[in-house]
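> Okay, here's the structure, questions in a sec.
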Amino acid sequence: MAARVRELEREHKRQQRALSEARALLRLSTRARGLTLGGRGRRHPPDVRSQVRGLVEQAIIEGARQSSACRLLGLSSRTLQRWRHPAHARDGRSQTRRAPANRLDEHERRLALELLRSPSFQGLSPRQIVPRLADQDRYLASESTLYRLLRAQRRTPSARGGGAPSHSPPEQAAVAPNQIWSWDITYLRGPERGAFLYLYLVMDVFSRRIMGWRIHLEESARRAALLIRQVCHRQGVEPSGLILHADNGGPMKGSALVKTLRRLGIVPSYSRPRVSNDNTFVESLFGTLKGRPSYPREHFSSAATARAWVSRFVDWYNREHLHSRLGYVTPDDRYFGRDARVFQRRARLYEHARAQRPGRWSRHIRHWAPPTEPPRTRVRIPATTSLTLNGASSPASLSPGPE
């Protein structure tokens, strides 16, 4: 009987301590309202440290444990112990942040901001701006520096950007122009509601160059066959052995086109059924086309208006657009073999800039070079077709006008 009484007394004392601690923690939470503590490496001024020590000591007097009070404040007990030691009453870290020695000075920073706001670079990311400046024999700052300036101005440009099933078909690398072409048809909104124009487009996978295009009022294998013949003739390309990749649409597999390809010696290749990312090169090109600022947001007023707009786009894309997958050279430069000279000129510019301001570079300069890996396409060729890859055809020096 006596043991039972002692046990009940101990349980009563535990409950009293728990109740006292709960009341003390409730008062502590009220007193510490608005106080933000904790976080690895967080700086706490001396007045905050003194306030925290006082709050915890008062909570302990009222019945709370130190560990419970620190946990409520989001603070470690070891941190509180250090703060109680006179040597740690103040944060010994310096209040000042040292500016990097290679940072832009105020004049250079102002020039960079003016350049980012200029109409000629409107809507371009630093990844596009830096190569364009290099082609103009100008070096101002690195991509990361320009991105930091944009973030500080809250003007970082947005970037435009289903898993494939197993048993993927083999990939074929394009190591020279006119080995693999990719083509597709995309919709353009026509002058009337519910009416569409159809853009037929052929591109060279190696250089991403638009080889030819047409706009028609309907999808047709016969019109696609005519386009392929015209592109080969006008661009001076020997079609035998060329791989032509497309998706599984009706015009792509129509008898008129299949017969034309067989007659020309072109090897057809098709995407896997129900796989949307097997024709990525031309699909990405369509995304670039429809993402241009000048692309009509409503519709094209006529087929002639659409042809005029696409003609301007093709001229810009082939001759001016710095393609990220090509090392920021134009498709024309890659196709006609002028990219090596562009990379050499950019490298000389950066070497000169480093010689003038060596403190800007902690290591080597930017590596201006073509992509190390050639573009690859999943080739899915009908079983009745033999594959003999076309050699590196010599690109004809023809202007890339509309087909």
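Derivation of every value follows stated rules applied to the coordinates shown; laboratory data play no part. Every value quoted in this text rests on a predicted model; they were computed, and no experiment measured them. Glycine gets a Cβ as well: all are built from the backbone with ideal geometry, and neighbour counts include every protein chain shown.
> Translational diffusion coefficient, Stokes-Einstein: compute it for region 171-378 using the Kirkwood radius over C-alpha pairs as Rh, at 25 °C and 0.890 mPa s, and state it as an integer in µm² s⁻¹.
131
> At R292 and A347, where each label point lies 7 Å from the Cα along Cα→Cβ, what is the point-to-point distance in nanometres?
3.3
> Have a look at W361, G327, I228 and report the one farthest towards the positive end of the charge dipole of region 171-378, computed about the Cα centre with Cβ charges (Lys/Arg +1, Asp/Glu -1).
Going by the Cα projections, it comes out as W361.
> Give me D for region 221-281 in µm² s⁻¹, whole number, from Stokes-Einstein with Rh from the Kirkwood sum over alpha-carbon pairs, 4 °C and 1.567 mPa s.
Stokes-Einstein gives a translational diffusion coefficient of 108 µm²/s.
> Out of A347, A303, L8, whose Cα points farthest toward the positive end of the dipole of the chain (charges: +1 Lys, Arg; -1 Asp, Glu; placed on Cβ)?
The Cα lying farthest towards the positive end belongs to L8.
> Still on this structure, please answer the following. Could you put S118, S311 in order, starting from the residue whose Cβ has the fewest other Cβ atoms within 10 Å? Numbers along the way, then the final one.
Values: S118 11, S311 14.
Result, fewest neighbours first: S118, S311.
> Using a simple charge model, +1 on the beta-carbon of Lys and Arg, -1 on the beta-carbon of Asp and Glu, nothing else, what dipole does region 171-378 show about its Cα centre, in debye to the nearest 20?
For region 171-378, the charge dipole is close to 520 debye.
> State to the nearest 20 debye the size of the charge dipole of the chain about its Cα centre, where the only charges are +1 on K and R beta carbons and -1 on D and E beta carbons.
2140
> Ranked from highest to lowest mean number of other Cβ atoms within 10 Å per residue, what is the order of the peptides 361-367, 261-267, 237-243?
The most tightly packed comes first, giving 237-243, 261-267, 361-367.
> Give me the tail of P(r) for the chain as a percent: Cα-Cα pairs with distance above 35 Å. Provide the component values of the computation, followed by the final result.
Details: 43018 of 81003 pairs.
Here the tail beyond 35 Å accounts for 53 percent of pairs.
> So if I average 1/r over every pair of distinct C-alpha atoms in region 162-257 and take the inverse, what Kirkwood radius in Å does that give?
One decimal place: 14.7 Å for the Kirkwood radius.
> Would you mind computing, in nm to one decimal, how far apart the modelled labels at Q51 and S284 are, each placed 7 Å from Cα along Cα→Cβ?
5.4
> Given R₀ = 35 Å, what would the calculated FRET efficiency be for R4 paired with R42, taking r from the Cβ atoms and rounding to 0.05?
The pair R4/R42 has a calculated efficiency of 0.10.
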